[in-house]
1. Output the number of residues of segment 225-268 satisfying the condition of being assigned to a loop (DSSP other than H, G, I, E, B), among the charged types (D, E, K, R) and either open to solvent by 70 Å² or more (accessible area, probe 1.4 Å) or touching a residue at least 40 places away in the same chain (Cβ under 8 Å) (or both).
2. Tell me yes or no: at least one residue of segment 120-136 is closer than 28 Å to residue 21 by Cα, surrounded by fewer than 16 Cβ atoms within 10 Å (Cβ to Cβ), more than 11 Å from ligand 1 (Cβ to nearest atom) and aliphatic (A, V, I, L, M).
3. Go through (1) open to solvent by less than 30 Å² (accessible area, probe 1.4 Å); (2) farther than 23 Å from residue 61 by Cα; (3) modelled with pLDDT of 95 or more for residue 215 and report which single condition fails.
4. Name every residue in segment 1-58 that is of a type outside the set (Gly, Ala, Ser), open to solvent by 70 Å² or more (accessible area, probe 1.4 Å) and free of Cβ contacts under 8 Å to residues at least 12 places away in the same chain, in order of residue number.
5. Looking at segment 278-285, is at least one residue open to solvent by 20 Å² or more (accessible area, probe 1.4 Å), without any contact (Cβ under 8 Å) to a residue 12 or more places away in the chain and farther than 30 Å from residue 258 by Cα?
6. Would you be able to tell me the number of residues in segment 230-252 that are within 30 Å of residue 69 (Cα to Cα) and over 24 Å from the mean Cα position of the chain (by Cα)?
7. Would you kindly identify the helices (runs of 4 or more DSSP H) lying entirely within segment 110-191 that contain at least 2 residues that are hydroxyl-bearing (Ser, Thr, Tyr)?
8. Go through 224, 232 for me and flag whichever is outside the structural domain of residue 172 (by TED's automatic domain parsing), away from ligand 1 (no atom under 16 Å from the Cβ), in contact with a Gly (Cβ under 8 Å, 6 or more places away or on another chain) and of a type in the set (Asp, Glu).
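The values are calculated or read from the model by the stated rules, or taken from the named source; none is laboratory data. All of these numbers come straight from a predicted model, not from anything done at the bench. Note that we place each Cβ from the backbone using ideal geometry, even for glycine, and neighbour counts take in every protein chain shown. Quick note on the areas: whole protein, heavy atoms, side chains included, nothing else; ligands and nucleic acids left out. Shrake-Rupley method; radii C 1.70, N 1.55, O 1.52, S 1.80 Å.
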Amino acid sequence: MSRAKRIVSGMRPTGALHLGNLHGALQNWIRMQDQYECFFFIADWHALTSDYENPGNIYSYTRSMMIDWLAAGLSPEKNVLFVQSRVKQHAELYLLLSMITPVPWLERNPTYKEQIEALESKDLSTFGFLGYPVLQAADIIIYKADGVPVGIDQAPHIELTREIARRFNHLYGRVFPEPETILTETSKILGTDRRKMSKSYNNAIFLSDSPEEIHSKVSQMITDPQRMRRKDPGNPSICNVFSFHRLYSPESLVSEIEPACRSAQIGCVECKKKMAGHLAEFLAPIREKIKYYKTHTDQVDQVMQEGSDRARRVAEQSLEEVRAAIKI
Ligand code: TRP
Ligand code: SF4
């Protein structure tokens, strides 16, 4: 029997995870854990490429991200869950790959220029930031990944990873497979202000939010923008609250609300209250587990340690092949 396909993916530690993260990457990973051999890691070195001036939060964000992963259902038995900076082999491979990666490949990377403009408050004219995709390539090929689940914004980085792997194999002999991009559908729910849900936009609902926080955030959500007064009919198909109902409310309620909104029989205040109740219920078991792990951080540290030890053994094997191929 051939081995299950191997999947590698990472997240930068950004602190508490929100519903956009859950319905985007995380639930996808949770589905994959039963089908593939998965390596999932927290990319704390990647966080440093843009936050090198203020690294103080990276460690606490790393731990709280691991807590959210575990609480949402990523299993440390089914997967290798680890922290990038604890597997130093990533850094060694990054250095070796940097020798063979042409700088123009990095300069023409579309996310590079975009990010420099988007984060203009930070000085990103560093070597580390330019080399970000080389580190990412090392993260992936060090485990000889067959596939990498990522959102569309990361697709150019996986393409670059394939090019770097190909160049390595061409120069030194075949060591690395070229990983496939497994596109993750972006989550359909938006932030409370209808922009993309993001911690930095202050429009996110977090997995750890209490029922009171959920009710208060939901009460401020923007609904159908054309529905100005209570007696105006609404249009659920363009209402973000209704998208949430579809995810969290029972089918019967969803099919009641749809016509009631269109005929102005239900007002947004009541509609939101119902949705917030179901959302709070949906998050209750996750929130409980987050609470548990926050008071049992020794268990979280153990998961990170054991996962990183497992990852390191696999990574070191690849490095032995790499050193032999380069004869160094
Ligand atoms: N660059 C990715 C992001 O910002 C995080 C990441 C780092 C990653 N290394 C990776 C994702 C390897 C997939 C595979 O989201
Ligand atoms: Fe949206 Fe509900 Fe208001 Fe209709 S009643 S516009 S679905 S919040």
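1. Here the count works out to 4.
2. no
3. For residue 215, the failing item is (1).
4. Matches in segment 1-58: 1, 31, 54.
5. No, that holds for no residue.
6. 5
7. By residue number, 110-118, 155-172.
8. 224
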